[in-house]
Amino acid sequence: MKHILFTLKGCLYSVLDDEEFIRDCLYNASKHCRSQLLALHSHRFQPQGVTAIAMLAESHISIHTWPEKGSAVCDIFTCGEYTRPEIGVEYLQNILGATDIICDEFIRKLD
């Protein structure tokens, strides 16, 4: 099981504050990870910011945005030898236009 925690910096305000866009990003990230999307839930805060989570058959993807800071805090957690969470990370970094990323990857074990 891989768990990647990452912060994207230098993203555009307009994309970070667009709930529909963020939902689409998580949908597409799940496909890039080779995961099966089970459910997608999101919330837009006032005056800005979006939180969204994609529940996957293989675990989850989450994002919390701070448009006023140009940042998004995310994680992708997947199980299964066939999943590729690192490709989902790369996709989100590119689609959100991040100029910088802080990233840590963990291998999670059950035993």
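Below, the figures for the structure above:
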item: Rounded to 10°, Cα long-axis angle of helix 85-95 versus longest principal axis of the chain; result: 20 degrees
item: With at most 12 neighbouring Cβ atoms within 10 Å, loop trypsin sites (Lys or Arg not before Pro) (DSSP) excluded, longest segment of the chain; result: 1-107
item: Chain lengthening between residue 44 and residue 28 when straightened (0.36 nm per residue, less Cα-Cα); result: 3.8 nm
item: Likely footprinting exposure, 14, 59, 42, 35, fewest C-beta neighbours within 10 Å first; result: 14, 42, 59, 35
item: Sites residue 1 and residue 102 - FRET efficiency at Förster radius 25 Å, r taken between beta-carbons, to 0.05; result: 0.70
item: Loop chymotrypsin sites (Phe, Trp or Tyr not before Pro), region 32-111 (other Cβ atoms within 10 Å of the site Cβ: 12 or fewer; DSSP); result: 82
item: Lysine-lysine proximity count for the chain, Cα under 25 Å, sequence distance 8 or more or distinct chains; result: 5
item: Interchain or long-range residues, amide H under 5 Å from residue 80's placed H; result: none
item: Label selected from (i) -0.52, -0.60, -0.77, -1.25; (ii) -0.42, -0.49, -0.63, -1.15; (iii) -0.46, -0.54, -0.70, -1.28, the criterion being log10 I(q)/I(0) by the Debye sum over Cα atoms at q = 0.13, 0.14, 0.16, 0.22 Å⁻¹ as computed here; result: (ii)
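Bear in mind that the values in this text are calculations on the coordinates, not laboratory data. Predicted model only: the values in this text are computed from it and were never measured. Glycine gets a Cβ as well: all are built from the backbone with ideal geometry, and neighbour counts include every protein chain shown.
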